[in-house]
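Colleague: Below you'll find the structure I mean.
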Amino acid sequence: MRTSNSLSGSMRRRVVVTTAAAFLGLGLAVGSGLAAPALAADTATLSGIILGVGSNETQRIVTWYSSADTAQQVQVAPTASFPAGAVTFAGSGAANIATSGGYNRHATITGLTQNTAYSYRVGSEGNWSPTYAFKTQSFEGDYDFLFYGDPQIGSSGDTAKDQAGWVDTVNVSLAANPNAEILVSGGDQVETANTESQWDAFLAPTQLKSYPWAATIGNHDVGGKAYEQHLYTPNTDRSGAYYSSGTATGAQSGGDYWYIYKDTLFIDLNSNSYATSQGGGGDAAHLSYVTDVINQHGAEAKWKVLVYHHAIYSPADHAKDADNKIRRVDFSQKFSDLGVDLVLQGHDHSYSRSYLIKNGAKADATEQPGAADVYPGPGGVLYVTANSASGSKYYDITSPDSTGTSGAGNGADPLDPSKYWYNSVQNQEHVRSYVKVQVRNDKLVVQDLRSGTCAAPNAAVELAKSPCAETGQAVGSIVDKVTVHPYHGDSQAIQVNVPTGAPGEFGWTIDGYNGLVDLGTAVDHSDYFEATGSINPIVVSDSRRSLAPWSISAGVGDFKDADKTFAGSYLGWTPKVVTAGAGAKAGAAVGSGYDDGGQGLAVARGLGYADQGHARGTAKLGADLDLKIPGSAAQGAYRTTLTITALSS
């Protein structure tokens, strides 16, 4: 590994072979990574560690708390080489607000490779946290992510019970979906913005250190800085326009951010800032942000997913909120124009799946309630509101009114008058649930799944704040499922998935039995002795897709017989390609130092090589040896070692 802050990059392999004036014995040495320089030890207490999403699938962000203002970092490496082969990423941060105490740190891990298990820890030399692990999966193709509505730890009045329900939902969802790749928040991680005991309970699931959490800010998170202290996010615009107060330096958290995961562009908004009268840029600023991000990055992804807290199409207590009615008009028109596929929301502590909405109205009047398959057509957008993931609070479904069946209205669905006009499915059973989204080549599959029953842990039910009647539906059963089939216009889209090609290998061996290269008895030419022969052939095999250059070189030490010796520079050679392949070319001839006063093979000389872009295959390299020794050399049976080195990117 390179010593720069990256986990990717080429590694140069040095292969060493030993010989004796003929004898080629095989040994192997592989270059290892360089450890990061040690820093001064400290005794800071490290806590609140959480893994977050990065700008793309090759990155992760780790955020944590420290009791001391010391230089800290994340240390990370593939699990098989941790910690000896670890690289470090410097942490940055600042002092926490007084009620939180201590300091916050975050670091972005870059250069991750796909299908790799990693281990990491935070801190400094002599004071590391425990080691945690995560794994990457393929950086292309299908994947699943999970969406969680409002844990809102503390809202039941019993933090421990809320924590128990939240931990159970995380356990249930990831036991059922161990290969889910990201965890997406619907907002309201806690009940009270700056209450650290609630943040501790939210961070209790150990999986939050292994699966990246894509944070969303809710109305219960926004009132202080603890949200920003605990959950650092990528590509975040912290301009005043994206804070309801109009300033990032005030007492509130805020900001809008985006990231791309595989072929999905995620855009996350601070929906707490919705009116310019508050001081921020309001909904207009968010719409401008979404437009800019999609214009700049939309072509990099096949799917566009928006996430924000305040549900504009939901069935319960917040369905008729004035701010959401306004956004139903502002947001839906723009989202349709921009080609958004899916909008994920929280806030209303109930589950709903909208009809496909286009420009603030039902896109297809004939779409049936609970349809298993929907076809957006141009401009159709699916809106999903998640129920409570912790069981800390549920809101009961409310009744439609007569205010209309489009735009800001809350009128009844003509196909089912008990529901709002915009919702295909509404559900409230007072049991915990989560949403699973399967991202496939040409469809999104959205499911709401039960993570609990009426039984504990279910704080709102246990504390008699919500009634619950057993439905007989087991944990893991499906509340709702819909497959979204995208629209490709009037033309036909054609897709092909190209798999990851086998990287191939580069290596070499000595051909056949590695016996002594016996040059026999030197011929006496009066002034000098001379012996000739050939090395045992070297077989080079290169099947790498990179077609990277390679080279084989070799050199010898002095010839020795007990205490008698003569210089290795007297040995020269003429390399040759015995069998062509792998782009092999012979190295230059090197004369005996006896003839030209040079160093001969006493320094490493090229036996063979191939240029960048060469064909894959196998070659056999050889060399004719020419040894000329001064006539003054003492009688003896001399040997030396031919050390062979292979270099490649």
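Colleague: Once the piece of chain linking residue 69 and residue 90 is laid out straight, how much longer is it, given 0.36 nm per residue of separation minus the C-alpha distance between them?
Modeller: Full extension from residue 69 to residue 90 adds 6.2 nm.
Colleague: Quote the FRET efficiency, to the nearest 0.05, computed for residue 527 versus residue 579 with a Förster distance R0 of 41 Å and r equal to the Cβ-Cβ distance. Intermediate values should be presented prior to the final figure.
Modeller: On the way: r = 38 Å, r/R0 = 0.93.
Once rounded, the FRET efficiency stands at 0.60.
Colleague: Once the Cβ-Cβ distance between residue 471 and residue 47 is put in as r, and R0 is 30 Å, what FRET efficiency do you end up with, to the nearest 0.05?
Modeller: For residue 471 and residue 47, the calculated efficiency is 0.15.
Colleague: So for the pair residue 300, residue 365, with labels modelled 7 Å out along Cα→Cβ, what separation do we get in nm?
Modeller: If labels sit at residue 300 and residue 365, their model points lie 4.2 nm apart.
Colleague: May I pose another question? Angle, helix 322-337 long axis vs. longest principal axis of the chain, Cα atoms, 0 to 90°, nearest 10?
Modeller: The two axes meet at around 50 degrees.
Colleague: With each label point set 7 Å from Cα along the Cα-Cβ vector, what nm distance links residue 505 and residue 137?
Modeller: 2.9 nm
Colleague: I'd like the orientation of helix 159-176 relative to the chain: the angle between its Cα long axis and the longest Cα principal axis, in ° from 0 to 90, rounded to 10.
Modeller: 50 degrees
Colleague: What FRET efficiency do you get for residue 116 and residue 615 if R0 is 30 Å and r is their Cβ-Cβ distance, rounded to the nearest 0.05?
Modeller: Efficiency, from the Cβ-Cβ distance: 0.55.
Colleague: Kirkwood Rh, region 99-180, all Cα pairs: how many Å?
Modeller: Numbers: mean 1/r = 0.0610 Å⁻¹.
So the Kirkwood estimate lands at 16.4 Å.
Colleague: How large a share of the accessible area of the chain, in percent, is made up of carbon and sulfur atoms when the probe is 1.4 Å and the other protein chains stay in place? Kindly include the intermediate steps, with their values, before the conclusion.
Modeller: Numbers: 12990 of 25440 Å².
C and S atoms contribute 51 percent here.
Colleague: Let me ask something additional. How much area per residue is accessible in the chain when the probe is 1.4 Å and only protein heavy atoms are counted (Å²)?
Modeller: Accessible surface, normalised per residue, equals 39 Å².
Colleague: Put a dot 7 Å past each Cα toward the Cβ at residue 599 and residue 98; how far apart are the dots in nm?
Modeller: In this crude label model, residue 98 to residue 599 measures out at 7.0 nm.
Colleague: Sorted by mean Cβ packing within 10 Å, highest first, what order do the peptides 246-253, 77-84 take?
Modeller: Peptide ranking by packing, descending: 246-253, 77-84.
Colleague: Same structure, new question: Kindly provide the helix-only [θ] at 222 nm of the chain, computed as the sum of -39,500 (n - 2.57) over DSSP H runs of four or more divided by all residues, to the nearest 500 deg cm²/dmol?
Modeller: -3000 deg cm²/dmol
Colleague: Need the list of aspartates and glutamates near residue 135 for cross-linking: C-alpha distance under 12 angstrom, and skip anything on the same chain fewer than eight residues off.
Modeller: By straight Cα distance, residue 135 reaches 57, 181.
Colleague: Please give the Cα centre distance for region 465-537 versus region 271-337, rounded to the nearest Å.
Modeller: 44 Å
Colleague: For the chain, build the charge dipole from Cβ charges (+1 Lys, Arg; -1 Asp, Glu) around the Cα centre, then report which of 567, 333, 383 sits farthest towards its positive end.
Modeller: It is 567, whose Cα lies furthest towards the positive end.
Colleague: Which angle from 0 to 90°, rounded to the nearest 10, does the C-alpha axis of helix 282-297 make with the longest principal axis of the chain?
Modeller: 30 degrees
Colleague: Can you give the translational diffusion coefficient of region 421-481 in µm²/s, computed by Stokes-Einstein from the Kirkwood radius over Cα pairs at 37 °C and 0.692 mPa s?
Modeller: 254 µm²/s
Colleague: Assuming 0.36 nm per residue, please report the length gained on full extension of the stretch residue 275 to residue 545 beyond their Cα-Cα distance.
Modeller: 91.7 nm
Colleague: Quick one: putting +1 on the C-beta of Lys and Arg, -1 on the C-beta of Asp and Glu, what dipole do you get for the chain around its Cα centre, in Debye to the nearest 20?
Modeller: 820 debye
Colleague: I need the phi-derived Karplus couplings for region 375-386: 6.51 cos²θ - 1.76 cosθ + 1.60, θ = phi - 60°, integer Hz, Gly and Pro marked x.
Modeller: Each residue's phi maps through the Karplus curve to give 10, x, x, x, x, x, 10, 9, 10, 10, 10, 8 Hz.
Colleague: With +1 on the Cβ of every Lys and Arg and -1 on the Cβ of every Asp and Glu, and nothing else charged, how large is the dipole of region 189-260 about its Cα centre, in debye rounded to the nearest 20? Mind showing how you got there, number by number?
Modeller: Numbers: 3 positive and 7 negative charges, 26 e Å.
Dipole of region 189-260, to the nearest 20 debye: 120 debye.
Colleague: Taking the Cα centre of region 226-357 as origin, work out the dipole magnitude from +1 charges on Lys and Arg Cβ and -1 charges on Asp and Glu Cβ, in debye rounded to 20.
Modeller: Values: 10 positive and 15 negative charges, 44 e Å.
Result for region 226-357 is approximately 220 debye, rounded to the nearest 20.
Colleague: How much length is gained if the chain between residue 128 and residue 624 is pulled fully straight, taking 0.36 nm per residue apart and subtracting their Cα-Cα distance, in nm to one decimal?
Modeller: Working: separation 496, 0.36 × 496 = 178.56 nm, distance 5.68 nm.
Result for the pair: 172.9 nm of gain on full extension.
Colleague: Across every pair of different alpha-carbon atoms, what Kirkwood hydrodynamic radius in Å does the chain reach? Please report the intermediate quantities before stating the final value.
Modeller: Values: mean 1/r = 0.0349 Å⁻¹.
When all Cα pairs of the chain are included, the Kirkwood radius is 28.7 Å.
The values are calculated or read from the model by the stated rules, or taken from the named source; none is laboratory data. Quantities reported herein were computed from a predicted structural model and do not represent experimental measurements. All Cβ positions, even for glycine, are placed from backbone atoms using ideal geometry, and neighbour counts span all protein chains on display. Areas reflect the complete protein model, heavy atoms only, side chains present, ligands, DNA and RNA absent. Shrake-Rupley method; radii C 1.70, N 1.55, O 1.52, S 1.80 Å.
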